[in-house]
1. Across the residues of B:54-60, average count of Cβ atoms on other protein chains within 10 Å?
2. As a test, work out the antiparallel percent of DSSP beta bridges whose residues both lie in segment B:137-260, rounded to the nearest 5.
3. So what is the calculated 222 nm ellipticity per residue for chain B, using -39500 (n - 2.57) for each DSSP H run with n of 4 or more, over all residues, to the nearest 500 deg cm²/dmol?
4. Count charges around A:S12 for me, please; just the other residues with Cβ under 14 Å from its Cβ, Lys/Arg as +1, Asp/Glu as -1.
5. In whole Hz, with x marking every Gly and Pro, tabulate ³J(HN,Hα) for segment B:26-37 from phi via Karplus 6.51 cos²θ - 1.76 cosθ + 1.60, θ = phi - 60°.
6. Divide, for chain B, the radius of gyration over alpha carbons by 2.2 N^0.38 Å, where N is the residue count.
7. Looking at the protein assembly as shown only, what percent of DSSP beta bridges run antiparallel? Nearest 5 please.
8. Cut-off 10 angstrom, C-alpha nodes, Gaussian network model of chain A. Which of A:L79, A:L99, A:L116 fluctuates the most?
Amino acid sequence: MSAVSTSALTLSPHRIGAMVLRYLYLLRSSWTRLLELIYWPAVQLFVWGFLQFYIAQNSGFFARAAGVFIAAVLMWDVLFRGQLGFSVSFLEEMWSRNLSNLMISPLRPIEFVCALMIMSIIRLAIGMVPVTLLAIAFFDFNIYSLGFALAAFFMNLILTSWAVGIVVAGVLLRNGMGAESLAWTLMFVLMPLTCVYYPVSVLPDWLQAFAWALPPTYVFEGMRALVMQHVFRADLMLAAFALNVVYFGAGVIVFLQLLKSARRVGSLLQTGE
Amino acid sequence: MFEPPEPRSAPRVHAIAVDQLVKVYKTTRAVDGISFALEQGSITGLLGGNGAGKTTTIAMIMGLVMPTSGTVKVLGAEMPRERYQVLHKMNFESPYVDMPHRLTVRQNLKVFGRLYAVEDLNGRIAELAEQLDLTEFLDRPTGKLSAGQKTRVALAKALINSPQMLLLDEPTASLDPDTADWVRGRLERFRKERGATVLLASHNMAEVERLCERVIMMKRGRIEDDDTPRQLITRYGRETLEEVFLDIARGRGEAREAAQ
């Protein structure tokens, strides 16, 4: 064997690559998993795309704001599918009862998290790229025309999705499969607060404070400003990024604490219900 | 005249050193103040009934479970705090831990080989496949194999890094006698060739009698006895280790000691 670092803080690209390879083997072996990545974002796109068509025909305002719903649904899917890509890859280890094998291997928790982040992007690309092409073909909406702004939106949304995914993974480690539903539903708690389809101003004043504490709110406001008023709000993106740094850091700390707690209560041995 | 002091030999590092180890889950004392040390290259059986604390002990040795008190050292590294000093030198096999079913045997071994930074991984996989009769299954999904074949794959995973320390939790559970005997033969061969330390938790007395040079008997989280299989059988005045196990499990060992 080659020289092995003994530090808990080491990041080995070799071990991260091994875990990414493991998930790619899995995706390659299962066409249902691949189909699942694409079909729901596509269904969402068609529902909201046709709704947008209908409203635009009856409202001058929405006719001018063509694409705002389609952009919103695509952005929401980046947020939701990003977290799901992270959490489902983690759940694969629990479903296959493989977690103990990983936990006694030299794989560091932080390397595991890095592999899950990479898989989140890969799964997102597999699901979202075809859907964005469908948006161009059916609704004449090209999200890539947003250019640099799209990169800023994407980076902020994916960071939030990872922060949530890391916390969910920690809860699953600590509490077992009984907490699985969190992986599928936690992001929906954020949906009304992050104002995906409407401006923050429609929320009651007291709720707006909560909304502005969430990075995706800034992204969706920024997206509406860009699509409807053709203004890129860099200030909103910077505020979202600052909040994301805090939430992502907090997510990593929570994950490591939950892992420690899992070692204490013995839940790494029993990863069932 | 000044005489230089005799060079002191380096203190001998035990493969495993367990000292006053306790694990309490809520109100249950799963492991209750056990101590033992294993020499490097030894093969030891950890015996006990259900709930004796064998699996929790092995889990603490691997760093999967944090002790409530006491210490576990593996090759000199305290677990779980210093686990990354030794995890690459250890491995584990248990029928209660699976490998991803949809991945082929070769894919699974590649993933674990990379995690353990095994050099010439393809060569190592071919070598293990030949030793464990896996060559014809290498490209089959792991989940489609029989229980015996899966055990051989799990063993290949446990040996992929040629570990200095191998921990086995009931390695032949659910196997037919012929396959179980075959697996024991492979384990004996590995230990002879590698000089590895092996700790084996089992319910199978014949297996422990055949493989182990030392047996630690556990009951309700404590060590009830600790000796060679032959010495235990002689001391308890029995014919087999199974009878000794039953004596201890049913408390007849304590009764016998009290009578003496």
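1. Whole-number average of other-chain Cβ neighbours for B:54-60 is 2.
2. The answer is about 50 percent antiparallel.
3. About -11000 deg cm²/dmol.
4. Overall, the nearby charge balance is +2.
5. 6, 10, 9, 8, 5, 10, 10, x, 8, 9, 6, 9
6. Against the empirical 2.2 N^0.38 Å value, I get 1.09 for chain B.
7. 55 percent
8. Ranking A:L79, A:L99, A:L116 by mean-square fluctuation puts A:L99 first.
Bear in mind these aren't lab numbers, they're just calculated from the coordinates by the rules spelled out. Just so we're clear, the structure is a prediction, and the values are computed from it rather than from any experiment. Note that each Cβ is placed from the backbone with ideal geometry, even for glycine, and that neighbours are counted across all protein chains shown.
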